[in-house]
Amino acid sequence: MFSSSLFTRLWDEQPKFIEKVLLISGDCAEPNMGLSRADEEFMVANMDIVIHCAATISLNGPLKHTSFINVRATRDLLLIARRMRRLKSFVHVSTAFVNPNQAITEEIMYDCHIKGDALINLVENMSDSILNTITPECLGSWPNTYTLSKCVAENLVKEYGQNMPICIVRPCIVMYTNEEPIPGWVNMMKSVPGLCMGVGLGAIHVVYVDPNVNGIMIPADNVANMIITAAHHVSKPRSNPTIPIFNHVPNNMVPPYTYGQGLNYIVDILLKKKIYSENQVWKQYVILTSSKIMFTIFFFIYHYLPAYFIDSCLWIAGKKPRVTKIYKKMDAMMRDMSYFSCNDFKFDDKQLKALISSQSDEDKKLFNMDITNINWEEYFFKSILGIKKYILKDSEDPKVGQKRHQTIMVAYYTLSIIIYGCLLYLCYVLLKMIFPIN
């Protein structure tokens, strides 16, 4: 893990930091997080800060698996933390979309129709088949198992975290780093980061999104700084027993931008700045629609038809077809995400702003979580360069990518001429049939 480019700066500035790192074997899907008795007692005796980030982010994952990781592991870690003699702060990382059924998500704890221990007992004692059958009823007004599990987990924090130095942070969609420790870094190609990369490579042309909906995304380094600041904040004595909650969202901090603007930024930047990749798949362009019917039609035309053709060629050549399978996953991912990409969400962030105001001038520089002055077009430019360098591992020689781009453009325009020629000929034949010439 520490061989990643993300830690280059850390190796340079703190070359012996690895001596301070201790790994403990565990599994959040297992009871008590799969910890051995010896490791648990070591944690109780020695740990003073707990940051609980572990979660499955599969939006519509099976209720059993999702509950084990997002709910039961949270409860078990809270029980361990309650025994920690040196505990200074406990930060539970939730999500800004934990209560999407609210008109405005405030920085307060919302009740859930399912109690944490009841849900844990349910998933521990019922089979997968029965749980899958009753999942829609369990969801209530929550759109998926992910958001429900995070709400249940927050209520467990309220129940088991009383009289503890504890807080909840709610970041929105976490994106590429903006500045620290390197710009444009990301290690996950699912969700929005993967979608952006697909658009940039010309692999995705149809996106299920309302282009006018405000983007609820934030750079990863700002989120990390917010978590660290929250851990410091909650370590201080406080008179109010209410557990602090911080919504880390951009819509009240920066000039709003839409998902449509963000995706178009990617295409425009690639064309204007002539950024090429040796991994480019096809010409970059994107069609945005919030209509389920139009998305289904466009996705079939622009993705499934080419995928069927390519897989047929692979099958004829004696190779394993794989392209259709990839686009089926993309299709399912965008349909899962459509609840968030086609609806506007509003948030209150007064406590987050107060947290920012409480920082000293030095801490505001060291642990910057305020994105008021972010330039989104510049941010996406840095993200594109980061994808090329850290994910695609593109050659630093621009001629390599340029040659592939030129080949693709020749193929694109050749194919376009053939398709439009066929369409014109079809129109000619139809007109001749309708209006026969004597």
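The table below gives the values:
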{"read-out": "Protection proxy ranking of 319-330, 48-59 - average other beta-carbon atoms within 10 Å, highest first", "value": "48-59, 319-330"}
{"read-out": "Pairwise centroid distance, computed over Cα atoms, of region 196-254 with region 28-46, Å", "value": "30 Å"}
{"read-out": "Highest to lowest packing among 60-69, 372-381, 234-243, scored as the average C-beta count within 10 Å", "value": "60-69, 372-381, 234-243"}
{"read-out": "Sulfur and carbon atoms: percent of accessible area, the chain [1.4 Å]", "value": "59 percent"}
{"read-out": "10 Å beta-carbon shell around I49, net charge (K/R +1, D/E -1)", "value": "+1"}
{"read-out": "Area projected by the alpha carbon convex hull of region 108-188, averaged over all directions, nm²", "value": "8.0 nm²"}
{"read-out": "Inter-part distance where region 261-294 and region 383-405 are each reduced to a Cα centre, Å", "value": "16 Å"}
{"read-out": "Per-selection Rg to Rh, region 56-100 - Cα, Kirkwood hydrodynamic radius", "value": "1.06"}
{"read-out": "Distance (nanometres) between label positions extended 7 Å along Cα→Cβ at S141 and K329", "value": "3.6 nm"}
{"read-out": "Computed E for I297/I104 - FRET, C-beta separation, R0 45 angstrom, nearest 0.05", "value": "0.80"}
{"read-out": "Percent of C-alpha pairs per 5 Å bin, region 286-326, short to long", "value": "5, 25, 23, 16, 13, 9, 6, 2"}
{"read-out": "For V169, solvent-accessible area (1.4 Å; no DNA, RNA or ligand), Å²", "value": "0 Å²"}
{"read-out": "For region 169-249, the spread of Cα positions along each principal axis, largest first, Å", "value": "54, 29, 17"}
{"read-out": "Percent RCO, i.e. relative contact order, over the chain, from Cα pairs under 8 Å lying at least 6 residues apart", "value": "18 percent"}
{"read-out": "Per residue value of the accessible surface for the chain (all protein chains in place, 1.4 Å probe), Å²", "value": "53 Å²"}
{"read-out": "Length added when fully stretched, A54-N373, from 0.36 nm per residue minus Cα-Cα", "value": "111.8 nm"}
{"read-out": "The chain - mean residue ellipticity at 222 nm from DSSP helices (-39,500 (n - 2.57) per run, n ≥ 4, rounded to 500)", "value": "-15000 deg cm²/dmol"}
{"read-out": "Length added when fully stretched, E30-V267, from 0.36 nm per residue minus Cα-Cα", "value": "81.0 nm"}
{"read-out": "Net dipole in debye of region 347-427 [+1 Lys, Arg Cβ; -1 Asp, Glu Cβ; about Cα centre; nearest 20]", "value": "480 debye"}
{"read-out": "Farthest positive-ward along region 288-373 dipole, Cα basis, beta-carbon charges - from F367, L314, I356", "value": "L314"}
{"read-out": "Region 309-438: equivalent-ellipsoid semi-axes (sqrt of 5 x gyration tensor eigenvalues, Cα, Å)", "value": "49, 25, 19"}
{"read-out": "0 to 90° range, to nearest 10: angle between helix 128-139 axis and the chain longest Cα axis", "value": "80 degrees"}
{"read-out": "Relative contact order computed over region 93-208 (Cα-Cα under 8 Å; 6+ residues apart), in percent", "value": "33 percent"}
{"read-out": "Calculated FRET efficiency for the pair N46/I18, C-beta based, R₀ 22 Å, to 0.05", "value": "0.75"}
{"read-out": "Spacing of the two label points (7 Å from each Cα toward its C-beta) at D361 and V410, in nm", "value": "6.0 nm"}
{"read-out": "Distance histogram for region 228-277 (every C-alpha pair counted, 5 angstrom bins, percent rounded to whole numbers)", "value": "4, 13, 14, 12, 11, 10, 10, 9, 8, 5, 4, 1"}
{"read-out": "HN-Hα J in Hz across region 337-354 - Karplus 6.51, -1.76, 1.60, θ = phi - 60°, x for Gly and Pro", "value": "7, 4, 4, 8, 8, 10, 10, 7, 10, 10, 9, 9, 9, 4, 5, 5, 5, 5"}
{"read-out": "Using alpha-carbon coordinates, inclination of helix 398-434 to the longest axis of the chain, degrees", "value": "50 degrees"}
{"read-out": "Hull shadow area, averaged, the chain [alpha-carbon convex hull, nm²]", "value": "27.9 nm²"}
{"read-out": "By average C-beta atoms within 10 angstrom, highest first, the peptides 109-122, 83-96", "value": "83-96, 109-122"}
{"read-out": "Dipole magnitude (debye, nearest 20) for region 232-330, charges at Cβ of Lys, Arg, Asp, Glu", "value": "240 debye"}
{"read-out": "Those lysines that a straight Cα-Cα span of less than 21 Å connects to K403, excepting residues fewer than 8 apart in one chain", "value": "K272, K273, K274, K283, K388, K389, K393"}
{"read-out": "Principal-axis tilt of helix 259-272 within the chain, Cα atoms, nearest 10 degrees", "value": "60 degrees"}
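The values are calculated or read from the model by the stated rules, or taken from the named source; none is laboratory data. This is a predicted model, so every value here is computed, not measured. Neighbour counts are summed over all protein chains in view; Cβ atoms, including those assigned to glycine, are modelled from backbone coordinates with ideal geometry. With ligands, DNA and RNA removed, areas are computed over all heavy atoms of the protein, side chains included. Shrake-Rupley method; radii C 1.70, N 1.55, O 1.52, S 1.80 Å.
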